[in-house]
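First comes the structure, then the notes that go with it.
The values are calculated or read from the model by the stated rules, or taken from the named source; none is laboratory data. Keep in mind the model is a prediction, meaning the values are calculated, not measured. For neighbour counting, all protein chains shown are included, and Cβ atoms are generated from backbone atoms with ideal geometry for every residue, glycine included.
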Amino acid sequence: MPILNNFVNHLICDYEKQAMLRKVILFDVGGVLLKWKDQWLFDEISKQSKIPFDRIKDHFNANISELFEGKITEKQFWKKIPGANQIHPKIISKTFHRLSKPDDQILNLAYSLKKQGFETGILSNITPETRQILPKKWTYEFDHVFFSDQIKLSKPDSKIFSYVTERLSNHEIIFIDDKKENISAAKKHGIYSILFGEYQSLKYQIMKKTSIVL
């Protein structure tokens, strides 16, 4: 019986510890808080360069983390891409500004969660130029803001999730993103993660995890 009692006590301690943690919901920006699809950018790149995006995709992906982490500007980024001479150096921020739109359902969901006592935050890959486009009020409406260009780390690198979990060590984190590779990386750090597809499914998964009604 002592072994059983120790096991039960251990479970109770774990439950109490979990209950004491503050809960925070972290949202991605492009594709979650904002309606956005990367394909819109890829199509615009193909249109300007007059070559299929697939022909520069490998170079694009190999250098994009430097841009997200604020180590280079958009102009410097495109100088690293062969065949990008005809592409406007601000195509990423300009296309994002022109085509992205706030997802009111997700934003209202975030505000509802705050009203129910949850902390909310942003964890997003973003370029320095694109960050300037975002609503300034987000920096104080959300309790925690992790922009890749400011912290010099980007998803899905494991270092960014280590960084976030260290700074939110007294929180239980729920992370919402629209990219599978980011969700997989977050889960490896023990972060409860939800792959965003559509609003009703997200709402259901949050209610199931938190036992609240939205």
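Which of the residues spanning the stretch 188-214 are basic (Lys, Arg) and in contact with a Phe, Trp or Tyr (Cβ under 9 Å, 6 or more places away or on another chain)? It would help to see each step written out before you state the result.
Pass one, the stretch 188-214, residues basic (Lys, Arg): 188, 203, 208-209.
Across the stretch 188-214, the qualifying residues are LYS188, LYS209.
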Outside the structural domain of PHE175 (by TED's automatic domain parsing) and exposed (fewer than 14 other Cβ atoms within 10 Å of the Cβ): is that true of ALA62 in this structure? yes
Scan the helices (runs of 4 or more DSSP H) fully inside the stretch 14-117 and keep the ones with 3 or more residues being under 30 Å from LYS208 (Cβ atoms) and touching a strand residue (DSSP E or B) at 6+ places or on another chain (Cβ under 9 Å). 104-115
Is it the case that some residue within the stretch 144-154 is at positive phi and touching a Lys or Arg at 6+ places or on another chain (Cβ under 8 Å)? yes
Would you check if PHE60 is at pLDDT 95 or above and more than 23 Å from GLU141 (Cβ to Cβ)? yes
Before we move on, is SER154 part of a helix (DSSP H, G or I), out of contact with any strand residue (DSSP E or B) (no Cβ under 7 Å at 6 or more places or on another chain) and of a type outside the set (Phe, Trp, Tyr)? no
Of the residues THR95, THR120, THR165, THR127, which single one is among the polar types (S, T, N, Q), over 20 Å from LEU67 (Cβ atoms), surrounded by 13 or more Cβ atoms within 10 Å (Cβ to Cβ) and touching an Asp or Glu at 6+ places or on another chain (Cβ under 7 Å)? THR120
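Would you be able to tell me the number of residues in the stretch 147-162 that are surrounded by fewer than 20 Cβ atoms within 10 Å (Cβ to Cβ) and under 14 Å from ILE122 (Cβ atoms)? Give the steps one after another, and end with the answer.
In the first step, residues of the stretch 147-162 are kept if they are surrounded by fewer than 20 Cβ atoms within 10 Å (Cβ to Cβ); the result is 150-152, 156-159, 162.
Narrowing further to those that are under 14 Å from ILE122 (Cβ atoms): 150-151.
The total comes to 2.
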The condition from (1) crowded, with 16+ Cβ neighbours inside 10 Å; (2) closer than 18 Å to SER154 by Cβ; (3) touching a residue at least 60 places away in the same chain (Cβ under 8 Å) that ILE106 misses is numbered (2)
Yes or no: the stretch 169-186 includes at least one residue that is at pLDDT 95 or above, in a strand (DSSP E or B) and over 14 Å from the mean Cα position of the chain (by Cα). yes
Do you know which of the residues in the stretch 187-214 that are within 15 Å of the chain's Cα centre (by Cα) and assigned to a helix (DSSP H, G or I) is farthest from LYS155 (Cα to Cα)? LEU202
Residue list for the stretch 196-205, filter: closer than 24 Å to ILE160 by Cα and surrounded by fewer than 16 Cβ atoms within 10 Å (Cβ to Cβ): GLY197
